[in-house]
Amino acid sequence: QEEAARKAQEEAERKAREEAEKKATPLSSFEIENGVLKKFIGEETEIVLPNSVTSIEDWAFYGCTGLTSITIPNSVTSIGEYAFNGCTGLTSITIPNSVTSIGEGAFYRCFGLTSITIPNKVTFIGDGAFSGCTGLTRILVETGNSFYHSDGNCLIETASKTLVAGCAASTIPEDGSVTSICDWAFDDCTGLTSITIPNSVTSIGEYAFNGCTGLTSITIPNSVTSIGDCAFYGCTGLTSITIPNSVTSIESWAFCGCTGLTSITIPKGVTSIGMSAFSGCKNLKTVYFNGTREEWDRILKWPTAFPSDPKIVFQK
């Protein structure tokens, strides 16, 4: 009886593959080599990939703005870096259960995507895989994935407690499951207006909130010790930010272009301020430093860290 059930299942799968092949986009629309889809060269807007494809190469669909839908078969195990970069017309995508790897920037600037579901077999997701997906409001990881999970519309690498990707609807969990915010996690998330960073977080990565123009204020908790390069670059809506005493380094371009800032307080614990950390903050008139002139001179190694001639107020 079990043997009969197995054969019936195999037959059903065979018929499903044959049906899928009938619907598949012509092979002439792709450059495929040994199962690797290297490039889409057709003009179709709705694509069904053939079952012969086992992986999607880096940049394979780059800039295909006319692409509105794509069906990826269960034969595919990996999606390469920037594979769908700039596919602005793509409104939804189903990642099959066969996929184990999603490359860096795989869906970069796919503005039309509103939700994403990560299958339970995925073991690797590169930095910024969903960076610039401004329409994204829902992030879900299927149950049973031992490498990633989702909570509060945040994609989290479980073992490292790293928030890999967020969206406009994200709420960072406060249960200690997040200790770092990854590079590019909220990059270009223009719909994000407020976010609470919990006390469990110790580091904010490079470009973490880059281009979050809707963000008006943020409080960084006392647990954070470093703010990465370009972490809040171009957050033009920010009018206030609290940097805690725990922070020891503010990296290059961390708050560059935050034109809404009029004043900032640098705590005494800061030992280095990177190049152009506050450059482009044209309305920044006053910088408060909780220390002496001598201490300030030691940490300010780059003359370009601030816009020209802000007033420095020393608070011993």
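Some points to look at:
- Residues considered: 116, 139, 156, 70. Of these, the only one that is under 15 Å from residue 40 (Cβ atoms), outside any loop (DSSP other than H, G, I, E, B) and β-branched (Val, Ile, Thr) is 70.
- Meets criteria (at pLDDT 95 or above, closer than 23 Å to residue 246 by Cβ and charged (D, E, K, R)) for residue 151: no
- Number of the condition not met by residue 50 [criteria: (1) of a type outside the set (A, V, I, L, M, F, W, C); (2) crowded, with 17+ Cβ neighbours inside 10 Å; (3) touching a Pro at 6+ places or on another chain (Cβ under 6 Å)]: (3)
- Among the strands (runs of 3 or more DSSP E) confined to region 210-301, the ones with at least 2 residues that are more than 24 Å from residue 199 (Cβ to Cβ) are located at 286-289.
- Every residue from region 178-199 that is more than 15 Å from the chain's Cα centre (by Cα) and open to solvent by 20 Å² or more (accessible area, probe 1.4 Å): 179, 193, 194, 196, 199
- On the stretch given as region 82-94, residues that are surrounded by fewer than 19 Cβ atoms within 10 Å (Cβ to Cβ) and not hydroxyl-bearing (Ser, Thr, Tyr) total 1.
- Inter-residue pairs, beta-carbon under 7 Å, first charged (D, E, K, R) and in region 168-180, second modelled with pLDDT of 95 or more, 6+ apart: 174/198
- Among the residues of region 275-316, just one is more than 27 Å from residue 212 (Cβ to Cβ), among the polar types (S, T, N, Q) and open to solvent by less than 40 Å² (accessible area, probe 1.4 Å), namely 292.
- Set 98, 92, 75: member being in a loop (DSSP other than H, G, I, E, B) and modelled with pLDDT under 95: 92
- The condition (being open to solvent by less than 50 Å² (accessible area, probe 1.4 Å), hydrophobic (A, V, I, L, M, F, W, C) and within 20 Å of residue 105 (Cβ to Cβ)) is satisfied by just one residue among 172, 125: 125.
- Qualifying residues in region 138-165 (those that are open to solvent by less than 10 Å² (accessible area, probe 1.4 Å) and not aliphatic (A, V, I, L, M)) - the one nearest to residue 216 (Cα to Cα): 154
- Against the numbered list (1) hydroxyl-bearing (Ser, Thr, Tyr); (2) under 26 Å from residue 216 (Cβ atoms); (3) surrounded by 16 or more Cβ atoms within 10 Å (Cβ to Cβ), residue 272 comes up short only at (2).
- The single condition among (1) open to solvent by less than 20 Å² (accessible area, probe 1.4 Å); (2) at negative phi that residue 115 does not meet is (1).
- The residues of region 254-269 that are of a type in the set (Val, Ile, Thr) and out of contact with any strand residue (DSSP E or B) (no Cβ under 6 Å at 6 or more places or on another chain), listed by number, are 259, 262.
The values are calculated or read from the model by the stated rules, or taken from the named source; none is laboratory data. In this text, all values refer to a predicted model and were calculated from it rather than measured experimentally. Neighbour counts run over all protein chains shown; Cβ positions are idealised from the backbone, glycine included. The protein model used for the area step is the full one, side chains on, heavy atoms only, and it has no ligands, DNA or RNA in it. Shrake-Rupley method; radii C 1.70, N 1.55, O 1.52, S 1.80 Å.
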